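The values are calculated or read from the model by the stated rules, or taken from the named source; none is laboratory data. Bear in mind the structure is a predicted one, so any value in this text is a computation, not a measurement. Don't worry about glycine lacking a Cβ; one is built from the backbone with ideal geometry, like all the others, and counts go over all protein chains shown. When the accessible area is computed, the model is the full protein with side chains, heavy atoms only, and any ligands, DNA or RNA have been set aside. Shrake-Rupley method; radii C 1.70, N 1.55, O 1.52, S 1.80 Å.
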Amino acid sequence: METFLIRALQLILSFSILVIVHEGGHFFFARLFRIRVEKFYIFFDPWFALFKFKPKNSETEYGVGWLPLGGYCKIAGMIDESMDTEQMKQPPQPWEFRSKPAWQRLLVMVGGVLMNFLLALFIYSMILFVWGDRYIALGDMTYGMKFNEHAQQIGFRDGDILKSADGKELTRFNMDMIRSIVEAREVTVVRDGEEKKILLPELSLLDVAKEDPMFVDVFCPNVVDSVLAGGGFAQAGIRKGDTLLAFNGKPLSSWNEFRDELGILKAQSELEKKTSGEFSLVYSRGGVRDTVDVRTDTGFKVGAVGGLVDYKPTELDYGFFASFPAGVELGINTLKGYVSDMKYVFTAEGAKSLGGFGTIGSIFPKAWDWQRFWEMTALLSVMLAVMNILPIPALDGGHVLFLLYEIIARRKPSDKFLEYAQVVGMFLLFGLLIWANFNDVMRFLF
């Protein structure tokens, strides 16, 4: 319950920041062009609001709604989620959105997306300024990588050190690295001190990301690093420094394989309603082999840590001004990666993988961690910017699409058309929202 509350609070705080900044972008450009803003709300307020106030001599009512599906900035003379069609029946007024030139209306509509992206760049810059950048370079991972059966069929081998993908250097183990490999036609690795080129077939990032064991992982040696007193390994006589050789007769060459086999045992035992399991383990100590039976603790843990290596990390520190170009580069790379992944959303598998608030909340850490919180907020800000600029009616991108049509064709779409488009767009968005959260429920249940 505590974990749920911590993640929920992080999600609400992050979402609130993003909504304020996004709607603030619309508000800024609207007021810049002297367009009246009637409401500025965090979250939606159908029927009632949790809190609202209107400053003296102000045209704008500020408030907090009860439905946390976004926020809105009600701009006079515009068909938006408020669906205030009565206002549109009145003669246009000079302070209304519809009375302004198309280029001004265009800036008002892209203001939210622009501010979200600028926010992401600023957050990334401040993360680098405060915490710097710390990672283990792929070239320094002398044990190389661990590849699953699919990757080995393509041509990878355990212990390969990843060097480049289509000539682009691979520097660190993260999703960008996996994306670069999946999208490449040729990957260069260092094997036994020599460079080898591996030709790749067409791969899908969505399929590769779901593979278990992972397509590629950091290779962890099959050596026990520490043993917890009273745990399964300790009771079986396993000590620090022992090398694991076989699990239930299946040879082990890495700690990765030991974890995989333990996971298979756990899945099989849970089908039989068991809370622990037992397996035969062959190990080596000082060149002498022995076989023992190990019984796992509740939760299928063995009370041991292994596979650790003492790689030297690369540490980069940034001064205040130096953090901005580095943050901009990081933000742009994040944007490119997310835009590249958008193509999977429009596939059958992509639709199944969509997640709602549960999925978004799960990306936040179980314990409050400010660095991780800001990293996730920056990522969500990029995602929100991209999603909002999609040319779908009811989203900012839909309004932008109609404004571009107006600029090119030199005539406005009718108010009735815009009203119908808004209704269709909202229907599609709510349908997508229901589907994404339905996926979350199904994942929880099954």
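For every residue, the table says whether it meets (1) of a type in the set (S, T, N, Q); (2) under 18 Å from His22 (Cα atoms); (3) under 33 Å from the mean Cα position of the chain (by Cα); (4) open to solvent by 50 Å² or more (accessible area, probe 1.4 Å).
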residue	(1), (2), (3), (4)
Gln87	yes, no, no, no
Pro91	no, no, no, yes
Val113	no, yes, yes, no
Asn116	yes, yes, yes, no
Asp140	no, no, yes, yes
Met145	no, no, yes, no
His150	no, no, yes, yes
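Out of the strands (runs of 3 or more DSSP E) lying entirely within region 235-315, which hold 1 or more residues that are farther than 30 Å from Thr171 by Cα and open to solvent by 90 Å² or more (accessible area, probe 1.4 Å)?
By residue number, 278-285, 288-295.
So the check is Cβ under 7 Å with 6+ separation or different chains; which pairs have a first residue in region 180-199 that's among the hydroxyl-bearing types (Ser, Thr, Tyr) and a second one that's open to solvent by less than 80 Å² (accessible area, probe 1.4 Å)?
Ser180/Ala165; Ser180/Leu170; Thr188/Ser164
Name the one entry in Thr275, Thr314, Thr291, Thr296 that is hydroxyl-bearing (Ser, Thr, Tyr), modelled with pLDDT under 90 and over 18 Å from the mean Cα position of the chain (by Cα). Quick ask: steps written out before the conclusion?
Numbers: Thr314 fails: modelled with pLDDT under 90; Thr291 fails: modelled with pLDDT under 90; Thr296 fails: modelled with pLDDT under 90.
Result: Thr275 is the single residue among Thr275, Thr314, Thr291, Thr296 that is hydroxyl-bearing (Ser, Thr, Tyr), modelled with pLDDT under 90 and over 18 Å from the mean Cα position of the chain (by Cα).
Residue pairs, Cβ under 7 Å, 6 or more apart or interchain, first in region 402-426 and in contact (Cβ under 8 Å) with a residue 40 or more places away in the chain and hydroxyl-bearing (Ser, Thr, Tyr), second open to solvent by less than 70 Å² (accessible area, probe 1.4 Å) and not in a helix (DSSP H, G or I). List them.
none
Looking at (1) without any contact (Cβ under 8 Å) to a residue 60 or more places away in the chain; (2) open to solvent by 60 Å² or more (accessible area, probe 1.4 Å); (3) part of a loop (DSSP other than H, G, I, E, B), which is the one condition that is false for Lys163?
That leaves (3) as the condition not met.
Assess whether Phe122 counts as being open to solvent by 40 Å² or more (accessible area, probe 1.4 Å), modelled with pLDDT of 95 or more and either more than 28 Å from Val328 (Cα to Cα) or in a helix (DSSP H, G or I) (or both).
On the way: open to solvent by 40 Å² or more (accessible area, probe 1.4 Å): yes; modelled with pLDDT of 95 or more: yes; either more than 28 Å from Val328 (Cα to Cα) or in a helix (DSSP H, G or I) (or both): yes.
Criteria met by Phe122.
Test Val224 against the criterion of being surrounded by 18 or more Cβ atoms within 10 Å (Cβ to Cβ), assigned to a strand (DSSP E or B) and within 35 Å of the chain's Cα centre (by Cα), and give yes or no.
yes
Among the residues of region 356-375 satisfying the criterion of being under 14 Å from Trp131 (Cβ atoms) and in contact (Cβ under 8 Å) with a residue 60 or more places away in the chain, which is farthest from the chain's Cα centre (by Cα)?
Checked region 356-375; the qualifying residue farthest from the chain's Cα centre (by Cα) is Gln371.
Are any of the residues in region 64-77 under 30 Å from Gly361 (Cβ atoms), surrounded by fewer than 17 Cβ atoms within 10 Å (Cβ to Cβ) and of a type in the set (D, E, K, R)?
The answer is no; no qualifying residue exists.
Would you point out which residue out of Leu384, Leu403 is under 16 Å from the mean Cα position of the chain (by Cα) and modelled with pLDDT of 80 or more? Give the derivation first.
On the way: Leu403 fails: under 16 Å from the mean Cα position of the chain (by Cα).
Being under 16 Å from the mean Cα position of the chain (by Cα) and modelled with pLDDT of 80 or more holds for just one of Leu384, Leu403, which is Leu384.
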